[in-house]
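One structure below.
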Amino acid sequence: MNSARFLVAVLILVGAALAACSGNFGSGTTPPNGLLPSGNLAGMNPTPTPTPNFASNIVTYGSSAAFQPLPNAGGYGGAIAFPVPSPKPSGFTDIAVGATISTVRPTDAPDLNLASKGKKGGRKRERPARSLVYITLLPTHDMTLESYPRIAIDVPRDIATVYRETEFGIALYNSGAKDTTFRMAVAELDTATPPPTPTPNPSAPPPPTAIPVSATAAPSGTRSAAVGSPTPLPSGVTPAPGTSGTPAAPAASPTLPPQRIVFAGTATSLKLLANRTVVFALYALPVATPSPSPRASGNAATTEKLEPAPSGSPTAAGSPVASGSPVASGSPVAAGSAAPRPSGT
């Protein structure tokens, strides 16, 4: 009797174990050989983060007329300075203004090269400009400027070398004034005011370190280990006196910084409404270079003809030529050398 009960208990335990195992078949959380699910393989090869084409910070309008740094984005940066109101109205307080730099045109700004033409629409400008960077201001309160702000823009060197400095301009779009297009050339270059010190760009790569040069002169024919092993001269070549006989190693030059261009504020009042954007756009408009005047065809020295010299006319100092002898016009004759005499004289 006891053995029968024991056998039934064993069968119940075995059945429960089999039921538990059957529920776990195919539902394991770890695949064989430790392989990860295909959905996690993308995390093993992350894509590189692209360079941001816009950045924002906060500037202040009010008590100071000094330059305030703008953010850096897409290789561009700069600074902005607002005019100080004089006299200040009673109860005047500083106003925070959001500043954004972007290499992509803001969504609420029109096309830079779209000019208005009546009420039917717009047309493209005859001389389209190349938009480079946009500076968007968003004030938190209404503010009226006595003049446009001064703007200093850091232009990447590869852009600054393509255009002349006089080919850059600033355009303005004020959404609070219900403008429909950009107003071109609203600021002029400021060459009298020294530009403010550029702020370092944390996203820019560090410049290469120059090769250190030891203050102690090395013995003749030897080089420093930091520069490299000396290059022997070719066989039979003797080095010049006072030289080591090895060419100098080229020194590493640092990366050229951006070119800072300063635009003076136009003496025109500018009203900014709270939470309405004002966009300043830096653009480049190439100026046509006048074609050079054509040069005279041919060379006077090569177009001379052989002409007979007049009777008794000297061809060089102290060298008379017999009458009627042909002489090349402009042909040099040694000074002081007499012409050959006729036979028999």
Expressed in nm to one decimal, what extension gain is obtained for the pair THR268 and SER64 from 0.36 nm per residue of sequence separation less their Cα-Cα distance?
-> 71.5 nm
Stretch gain in nm, segment GLU146-ALA177, where the contour uses 0.36 nm per residue and the Cα spacing is subtracted = 9.6 nm
How high is the FRET efficiency from TYR163 to PHE54, r the C-beta distance, R0 30 Å, rounded to 0.05?
-> 0.85
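Can you give the net charge of the other residues whose Cβ lies under 11 Å from the Cβ of MET184, counting K and R as +1 and D and E as -1?
+3
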What net charge do the residues around THR140 carry, taking every other residue with its C-beta under 13 Å from that of THR140, with Lys and Arg at +1 and Asp and Glu at -1?
-> -1
Stretched fully, the stretch from ASP108 through VAL84 gains (0.36 nm per residue minus C-alpha distance, one decimal, in nm) 5.8 nm
Cα-centre dipole for segment 51-193 with unit charges at Cβ (Lys and Arg positive, Asp and Glu negative), debye to 20 | 720
Residues with beta-carbon under 10 Å from that of GLY265, excluding GLY265: net charge, scoring Lys, Arg +1 and Asp, Glu -1?
-> -2
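Every number in this text was worked out from the coordinates using simple rules, so none of it is lab data. All values reported here derive from a predicted model rather than from experimental measurement. Glycine gets a Cβ as well: all are built from the backbone with ideal geometry, and neighbour counts include every protein chain shown.
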